[in-house]
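Here's the structure, in structure tokens; my notes come after.
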Amino acid sequence: MNIAQIEDALLAPCMDAVIAVTERYQFLEIHRGARVFTAYREIDHVMYLGFHEDLTEPSLRQLKERGFQMLGIREGTRREHRLLLLTLKEIGYSHSYGEGYYEASRSLARHLRNLGWPLGALTQLLNSPRISMDDPNN
């Protein structure tokens, strides 16, 4: 293989990456309130990995009324959220109540940290002896 063939082979993946980054910045420019987040409910040890186009006080209040505490929040896109859920499914995690709801575990938190998902104080909560160290999915 010569250099020209290598450059040609790398051109498409590089352009795909540039397009994805551009789309992300354009989306976030238009949707300034778009956020990805992690919420946790202690009573049943459930994590909610979510996306909201405009995470406002009423949205946060709704989560709190359902017993969730917000742990980590950052700018993000629906595509990023969808890709995270697909990745978790591929590595063996299934949601519990509905899309985005997972049983909290140390191994899931480790995967989320490695994937760059906002965790906030979740790692300290998971060090609690009430939460299982073992994960049936891993």
key: Of residues in segment 95-109 being modelled with pLDDT of 90 or more and open to solvent by 40 Å² or more (accessible area, probe 1.4 Å), the one nearest to the chain's Cα centre (by Cα)   = E99
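Go through the residues of segment 22-30 one by one and say whether even a single one is at pLDDT below 75 and either under 23 Å from Q124 (Cα atoms) or of a type in the set (A, V, I, L, M) (or both).
yes
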message = Can you find a residue that is without any contact (Cβ under 8 Å) to a residue 12 or more places away in the chain, in contact with a strand residue (DSSP E or B) (Cβ under 6 Å, 6 or more places away or on another chain) and either part of a helix (DSSP H, G or I) or open to solvent by less than 20 Å² (accessible area, probe 1.4 Å) (or both) anywhere in segment 68-88?
response = no
key: Flag if L63 is at pLDDT 85 or above, open to solvent by less than 30 Å² (accessible area, probe 1.4 Å) and over 16 Å from the mean Cα position of the chain (by Cα)   = yes
inquiry  = Criterion first (touching a residue at least 24 places away in the same chain (Cβ under 8 Å), open to solvent by less than 30 Å² (accessible area, probe 1.4 Å) and assigned to a strand (DSSP E or B)) does Y40 satisfy it?
reply    = yes
query = Residues in segment 74-94 that are modelled with pLDDT under 90 and not hydroxyl-bearing (S, T, Y): how many?
reply = 6
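The values are calculated or read from the model by the stated rules, or taken from the named source; none is laboratory data. Remember, it's a predicted structure, so these values are computed and weren't measured experimentally. Methodologically, a virtual Cβ is constructed for each residue, glycine included, from the backbone with ideal geometry; neighbour enumeration extends over all protein chains shown. Areas reflect the complete protein model, heavy atoms only, side chains present, ligands, DNA and RNA absent. Shrake-Rupley method; radii C 1.70, N 1.55, O 1.52, S 1.80 Å.
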